[in-house]
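Below is one structure, written out as structure tokens; comments come after it.
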Amino acid sequence: MEIGACIKGSEGGCPPSYFTRASSFYEQSVLPQYRSSSASSFVALPRKSCTCKATLKEANNNIEAVEKVKVKPSEFSSEMELSSLTAISPLDGRYWNKVKDLSHYLSEYGLIYYRTLVEIKWLLKLSQIPEVSEVPSFSNEAQTKLQGLIDGFSDADAMQVKNIERITNHDVKAVEYFLKTKCQDDPEIAKVLEFFHFGCTSEDINNLAHGLMLKEAVNSVILPVMDDLLKAIYTMAKANAHIPMLSRTHGQPASPTTLGKEMVIFAERLSRERREISQIDILGKFAGAVGNYNAHVVAYPDVNWPQVAEQFVNSLGLSFNPHIEPHDYMAKLFHSFIRFNNVLLDFDKDIWAYISVGYFKQVTKAGEIGSSTMPHKVNPIDFENSEGNLGIANAILDHLSMKLPISRWQRDLTDSTVLRNIGVGLGYSLLAYKSALVGIGKLQVNEAALNKDLDNSWEVLAEPIQTVMRRYGVEEPYEKLKELTRGRAVTKESITEFINSLEIPVEAKSELLKLTPHNYVGVAAQLVEEACTIIIV
């Protein structure tokens, strides 16, 4: 199950990344059209490298020209280069290869791409409304032209929008002007250029763009990694369903369990939160500045604008919100991620502790170093990495959840800069999931260590013995076991001697004598088998 209704097909696939290989700027004299996926170095275009000339008219086209200037390699300053060594954020530097798939959706490029998509789709929708006669149905050629602007959207297109923004100082208006520039030479579309952004406020475009960014990023990148993580933990649970393990409550020896049972608990908890995430509706509004279709009704009073808006939002694969978008669904979504992350954080800490007491060994790689000074060490770095990045992710996601639903009166822009950090919160989450996956892949159960702890913990049988004593009416069973076990070394021999002294039926005594810390695990293995038969997602 995916989050929201996934938008695929004619809208185009993954838009390319915003970053481009550094060497390509020196190989070309114009803006590059691609980014190599194998690039190891990326650069951000410096402000002086590209300029834009735009003249606004009162006439039909609104923009006379937006001219790209060729890039001269000599104009690049080394201090402007962005690489894995110079990136401020480790997501764009050290961890780029692990999170780069998100950049297609949650980067500045992604935001510009989805704004462009929404503006074009809205113009096409207007052409389908009979009452809006000024925008007649487009020919197949014109529709292909408009769809091509979406499907072929490139790095250079995004940079052109950024150049226009330097003139307009308005990022959404820059997209409108970009589209007018791109379409002014098409005789059919040129007649209706002013219907780009018709009746829209910037938030109409932005809220849909952010919804699409989130939906596509979560469905295409994050949920598949979550599923891999769930499957890895379920697999570990099933493989170790019958491996007995000493439990610890309050850090002290407690009733035994199985290793698989403890793993399946995490798998089920994570699976529940993953389902919650997939069931959250991604909402979108398209109702003008304050949600009343004010301008729409003045221009075309006979159109059922709420119905048109609902059809349009649904056509993008989003759920319709008829009024102002308060970002409440985002708060719900990010809180769901926080809960998933908290469960994984718990898992990371438990696995770290199990490694520390020797329950797991870690498979080593040739040449890999654990400690710079202690050659014997194999540190649980993957689970530590996951734990640390989950903390950062939750801090960001918590702020997003708390801030985004709050806006002064009908609208303010304090959400604008905050929304640009969606990729940060989800990026650190993705990084943590992948780190945990790598760590799980290195784990090797050390049954000798598990058995040793069980062999040294015969006191855990005090629980079943005193419970059976209660059944057969033995007075003060708890107190008798307390005297036997607390503060004393408990061995197989002392437990056997105590059981033989009990005045209970022979059959009950016989069953108690069969108990060991290894087989006193209840139906743990059965619970694992039942849980692992459930479809994970």
Report summary line: Across (1) of a type in the set (D, E, K, R); (2) more than 18 Å from Leu345 (Cβ to Cβ); (3) open to solvent by 20 Å² or more (accessible area, probe 1.4 Å), Glu387 clears everything bar (2)
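Okay, residues lined up against (1) open to solvent by 90 Å² or more (accessible area, probe 1.4 Å); (2) acidic (Asp, Glu); (3) in contact (Cβ under 8 Å) with a residue 12 or more places away in the chain:
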position: Thr467; (1), (2), (3): no, no, no
position: Leu481; (1), (2), (3): no, no, yes
position: Leu484; (1), (2), (3): no, no, yes
position: Phe498; (1), (2), (3): no, no, yes
position: Val506; (1), (2), (3): yes, no, no
position: Ala524; (1), (2), (3): no, no, yes
Query raised in the report: For Trp305, all conditions in the list (1) open to solvent by less than 10 Å² (accessible area, probe 1.4 Å); (2) hydrophobic (A, V, I, L, M, F, W, C); (3) under 21 Å from Ser416 (Cα atoms) hold save one; what is the number of the exception?
Result: (3)
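For segment 281-302, how many residues meet the condition of being open to solvent by less than 10 Å² (accessible area, probe 1.4 Å) and in a loop (DSSP other than H, G, I, E, B)? If you could, list the steps in order and put the result at the bottom.
Kept after step one, since they are open to solvent by less than 10 Å² (accessible area, probe 1.4 Å), are these residues of segment 281-302: 282, 284-288, 291, 296.
Adding the requirement that they be in a loop (DSSP other than H, G, I, E, B) leaves 282, 285-288, 291.
Total satisfying the criteria: 6.
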Query - Breaking point among (1) open to solvent by 10 Å² or more (accessible area, probe 1.4 Å); (2) modelled with pLDDT of 95 or more, for Leu229 - result: (1)
Query raised in the report: With respect to the numbered conditions (1) touching an Asp or Glu at 6+ places or on another chain (Cβ under 8 Å); (2) modelled with pLDDT under 95; (3) open to solvent by 30 Å² or more (accessible area, probe 1.4 Å), which one is the sole condition not fulfilled by Val490?
Result: (3)
Report task. Could you tell me whether segment 437-452 includes any residue that is buried (at least 21 other Cβ atoms within 10 Å of the Cβ), within 30 Å of Ser107 (Cα to Cα) and small (Gly, Ala, Ser)? Result -> yes
Query raised in the report: Could you give every pair whose Cβ atoms fall below 8 Å, whose first residue belongs to segment 202-217 and is more than 21 Å from Ser278 (Cβ to Cβ), and whose second residue is polar (S, T, N, Q) and surrounded by fewer than 24 Cβ atoms within 10 Å (Cβ to Cβ), counting only separations of at least 6 or pairs across chains?
Result: Asn206/Ser416
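Looking at segment 508-522 only, could you name the residues that are out of contact with any Leu (no Cβ under 9 Å at 6 or more places or on another chain), among the charged types (D, E, K, R) and surrounded by 10 or more Cβ atoms within 10 Å (Cβ to Cβ)?
Filtering segment 508-522 for residues out of contact with any Leu (no Cβ under 9 Å at 6 or more places or on another chain) gives 510-511, 513-514, 519, 521-522.
Next, from what is left, pick out any that are among the charged types (D, E, K, R): 511, 514.
Once the filter is applied, which keeps residues that are out of contact with any Leu (no Cβ under 9 Å at 6 or more places or on another chain), among the charged types (D, E, K, R) and surrounded by 10 or more Cβ atoms within 10 Å (Cβ to Cβ), segment 508-522 yields only Glu511.
Of all residues in segment 125-155, count the ones that are assigned to a helix (DSSP H, G or I) and touching a helix residue (DSSP H, G or I) at 6+ places or on another chain (Cβ under 8 Å).
Start the filter on segment 125-155 by keeping residues that are assigned to a helix (DSSP H, G or I), which leaves 125-126, 140-151, 155.
Adding the requirement that they be touching a helix residue (DSSP H, G or I) at 6+ places or on another chain (Cβ under 8 Å) leaves 125-126, 142-143, 145-147, 149-150, 155.
Looking only at that region, the number is 10.
Taking the condition part of a helix (DSSP H, G or I), of a type outside the set (Gly, Ala, Ser) and within 26 Å of Val298 (Cα to Cα), does Lys191 pass? It would help to see each step written out before you state the result.
On the way: part of a helix (DSSP H, G or I): yes; of a type outside the set (Gly, Ala, Ser): yes; within 26 Å of Val298 (Cα to Cα): yes.
Answer is yes for this residue.
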**Report entry** Complete set of residues in segment 461-497 that are in a loop (DSSP other than H, G, I, E, B) and either more than 17 Å from Glu511 (Cα to Cα) or not hydroxyl-bearing (Ser, Thr, Tyr) (or both)
**Finding:** Gly473, Val474, Glu475, Glu476, Arg486, Gly487, Arg488, Ala489, Val490, Thr491
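Taking the condition of being assigned to a helix (DSSP H, G or I) and either surrounded by fewer than 18 Cβ atoms within 10 Å (Cβ to Cβ) or in contact with a Lys or Arg (Cβ under 6 Å, 6 or more places away or on another chain) (or both), how many residues in segment 87-100 meet it?
Looking only at segment 87-100, we keep the residues that are assigned to a helix (DSSP H, G or I), and these are 96-100.
With the extra rule that they be either surrounded by fewer than 18 Cβ atoms within 10 Å (Cβ to Cβ) or in contact with a Lys or Arg (Cβ under 6 Å, 6 or more places away or on another chain) (or both), the set shrinks to 97-98.
Qualifying residue count for the region: 2.
If I go through segment 303-316 residue by residue, how many of them are of a type outside the set (S, T, N, Q), within 20 Å of Ser133 (Cβ to Cβ) and in a loop (DSSP other than H, G, I, E, B)? Working first, answer last.
The initial filter retains those residues of segment 303-316 that are of a type outside the set (S, T, N, Q), namely 303, 305-306, 308-310, 312-313, 316.
Adding the requirement that they be within 20 Å of Ser133 (Cβ to Cβ) leaves 303, 305, 308-309, 312.
Applying the additional criterion that residues be in a loop (DSSP other than H, G, I, E, B) yields 303.
Summing the residues that are of a type outside the set (S, T, N, Q), within 20 Å of Ser133 (Cβ to Cβ) and in a loop (DSSP other than H, G, I, E, B) in segment 303-316 gives 1.
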Report task. Can you work out which of the residues in segment 232-245 that are among the hydrophobic types (A, V, I, L, M, F, W, C) and closer than 19 Å to Asn451 by Cα is surrounded by the fewest Cβ atoms within 10 Å (Cβ to Cβ)? Result -> Ala239
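The values are calculated or read from the model by the stated rules, or taken from the named source; none is laboratory data. The model shown is predicted, which means the values in this text are computed figures rather than measured ones. Virtual Cβ from ideal backbone geometry, glycine too; neighbours counted across all protein chains shown. Accessible surface areas use protein heavy atoms only, side chains included; no ligands, DNA or RNA. Shrake-Rupley method; radii C 1.70, N 1.55, O 1.52, S 1.80 Å.
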